[in-house]
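Beneath this line is the structure, given in structure tokens, with notes to follow.
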Amino acid sequence: PAGAYLRIQSDPDRVRSVASFARVVLDAAEAGDAVAADVAMHAANELYASMDAALRQAGFTIEGAPVVCWTGGVVRSQVLAQALGRRFAAQWPNARLLPALGDPLDGSERLGELPPGHPLLDSISHA
């Protein structure tokens, strides 16, 4: 409806709100809805673009063998996870795509353990 974009963007809980739409669409895709499956495929392509950009920004190349973990409710969808996995494997054949190895707090702890010279090191603040 008209104005939906502005209502969503002004919602302080917009991430959760948009995520709730994702669950409905992904459930429909899982049930075989063709339009929802197309939306899931587009979402997988957008997630892949983010993964690709992050890896390149961190200094990885396609010839390398980075280990990438994914997390979040959206990748619980088999439709989306399989599409994302196929796209990632086709573009990064030496990389390994794994489920999360912990929760977000575990990830933040690991950031404190980055070795000198790591491409992400300059992006991390220490108290």
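The values are calculated or read from the model by the stated rules, or taken from the named source; none is laboratory data. Just so we're clear, the structure is a prediction, and the values are computed from it rather than from any experiment. In this analysis, Cβ positions are derived from the backbone assuming ideal geometry, glycine residues included, and neighbour counts consider all displayed protein chains. Note: areas computed on protein heavy atoms with side chains; ligands, DNA, RNA excluded. Shrake-Rupley method; radii C 1.70, N 1.55, O 1.52, S 1.80 Å.
Give the range 75-120 a look and list any residue that's open to solvent by less than 60 Å² (accessible area, probe 1.4 Å) and out of contact with any helix residue (DSSP H, G or I) (no Cβ under 9 Å at 6 or more places or on another chain), or say none. Step through it out loud before you land on a result.
We begin by selecting, within the range 75-120, every residue open to solvent by less than 60 Å² (accessible area, probe 1.4 Å); these are 75, 77, 79-81, 83-85, 88-89, 92, 95, 97-98, 100, 102, 107, 112, 114, 118.
Listed by number, the residues that qualify are ALA89, LEU98, GLY107, GLY112, HIS118.
Can we say GLY64 is in contact with a helix residue (DSSP H, G or I) (Cβ under 9 Å, 6 or more places away or on another chain) and either at positive phi or basic (Lys, Arg) (or both)?
Numbers: in contact with a helix residue (DSSP H, G or I) (Cβ under 9 Å, 6 or more places away or on another chain): yes; either at positive phi or basic (Lys, Arg) (or both): no.
Answer is no for this residue.
Six or more apart or on different chains, Cβ atoms under 6 Å: show the pairs whose first residue is in the range 100-127 and under 17 Å from LEU55 (Cα atoms) and without any contact (Cβ under 8 Å) to a residue 40 or more places away in the chain and whose second is open to solvent by 70 Å² or more (accessible area, probe 1.4 Å) and hydroxyl-bearing (Ser, Thr, Tyr).
Partner pairs satisfying both residue conditions: ALA100/THR71.
Would the range 94-112 turn up any residue that is over 30 Å from ASP27 (Cα atoms) and among the small types (Gly, Ala, Ser)?
Step one: list which residues in the range 94-112 are over 30 Å from ASP27 (Cα atoms), which gives 94, 108-112.
Retained after the next criterion (residues that are among the small types (Gly, Ala, Ser)): 108, 112.
Checking the range 94-112: at least one residue is over 30 Å from ASP27 (Cα atoms) and among the small types (Gly, Ala, Ser).
Of all residues in the range 1-59, which are within 13 Å of the chain's Cα centre (by Cα), charged (D, E, K, R) and surrounded by 12 or more Cβ atoms within 10 Å (Cβ to Cβ)?
Selection gives ASP52 alone.
If you take the residues in the range 60-79 that are in a helix (DSSP H, G or I) and aliphatic (A, V, I, L, M), which one is farthest from the chain's Cα centre (by Cα)? Give the derivation first.
Residues of the range 60-79 in a helix (DSSP H, G or I): 73-76, 78-79.
Narrowing further to those that are aliphatic (A, V, I, L, M): 74-75, 79.
Values: VAL74: 8, VAL75: 8, VAL79: 14 Å.
Of everything passing the filter in the range 60-79, VAL79 is farthest from the chain's Cα centre (by Cα).
Any residue in the range 58-71 that is under 18 Å from LEU101 (Cβ atoms) and among the acidic types (Asp, Glu) sitting within a Cβ distance under 9 Å of a residue that is open to solvent by 60 Å² or more (accessible area, probe 1.4 Å) and at pLDDT 90 or above? List the pairs, counting only those 6 or more apart or interchain.
Short answer, once both residue conditions are applied: none.
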